[in-house]
Amino acid sequence: MGLADLLVGDGQVIELFLDSYANKLQLFIIEGILPTICSAYTYFCLPGYPQTVDFLSEDECAAILADLPQQAPTMRAKTFDTDQVKSLFKSATFFPFLMIWTTHGIGGWGISFVLPTVIYELGISNTAVSQVLTVPPFALVFLILMSLAYFIHHGYLSPWVAGLGVEGIQIICYILLINVKQPVAKYIFVMIATAASQSFFAIIWPERIRVAKGTTTAGLAIGMTNASGQLMGIVGPQIYQPKFGPTYRISYACSIALLAMCLGAVLSTWHFVRKGDAKGMTMQETEDGVLVA
């Protein structure tokens, strides 16, 4: 769906391009062909592990390997391990992560379809100015991610707390959008909600990767999590259909319900991740104690 976002821009182009079933099929075919080409290039041309990279010295390769977490995929690991597949589905975090990606994807990303309507309500008919007004929401994404990344990287803030805060802000914006009628206020709240929705996945994604232990587990976890997130491109536009506009109150109410479910999934996943981390630390301390003895 990343290519679709690039092609359709702020949502005004998509209404012109996807006006027929044939055009939708063409877009999906293009989106399918390009990832296939990229996957073939990645498999045959790009190195899979630091040990197979030609442009790294031995010291650089050793530094990269030392910085990787213990559960990271390794070069000597089996390509497909059935035991890891079983452990993935038994993991307490597997389904909550899927719930996070599904509920936020459907309830959060649809807000971008409202932006053209809100800009139109501002009374701006100039196309160039309208396009400029689509920039601030996405510029705000950059500012949010850079700020949160700084605090998370330096240990001042947990990514889970940051994710909960972003979701909470988005829910507040939806509640205000249901009640507010002033065009400028609506634009501001839509801008904040759009920025929050597109910042969330980037904040939680490192935790999704960190929890996946093993080569097979990481591959399946990444693939299935991303697959569940693609529902945002299928179901999300249905929630924000033009027939619910221009107020989109029904759409906002649906998004609030979905994001509330996402908050519950985030809290439960955070609990299971902390529990797993504590168990891992205990096992590591036990192993260290045995080695010392």
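The values are calculated or read from the model by the stated rules, or taken from the named source; none is laboratory data. Note that the structure is a prediction, hence the values are computed from the model and not measured. As a convention, Cβ positions derive from the backbone with ideal geometry for all residues, glycine included, and neighbour counts pool all protein chains shown.
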**Residue list for the stretch 42-64, filter: part of a helix (DSSP H, G or I) and farther than 18 Å from residue 223 by Cβ** = 44, 45, 50, 51, 52, 58, 59, 60, 61, 62, 63, 64
**Asked** Somewhere in the stretch 205-220, is a residue closer than 30 Å to residue 281 by Cα, basic (Lys, Arg) and assigned to a helix (DSSP H, G or I)?
**Response** yes
**Message:** Residues that are in contact with a Cys (Cβ under 8 Å, 6 or more places away or on another chain) and at pLDDT 85 or above: does the stretch 161-174 have at least one?
**Reply:** yes
**Request:** Return the only residue of 178, 172 being among the β-branched types (Val, Ile, Thr) and within 19 Å of residue 113 (Cβ to Cβ).
**Result:** 178
**Request:** Mind counting the residues in the stretch 231-254 that are touching a residue at least 40 places away in the same chain (Cβ under 8 Å) and either among the aromatic types (Phe, Trp, Tyr) or closer than 28 Å to residue 25 by Cβ (or both)?
**Result:** 13
**Fill in**
How many residues of the stretch 116-153 are in contact with a Ser or Thr (Cβ under 6 Å, 6 or more places away or on another chain) and at pLDDT below 80? The answer is 1
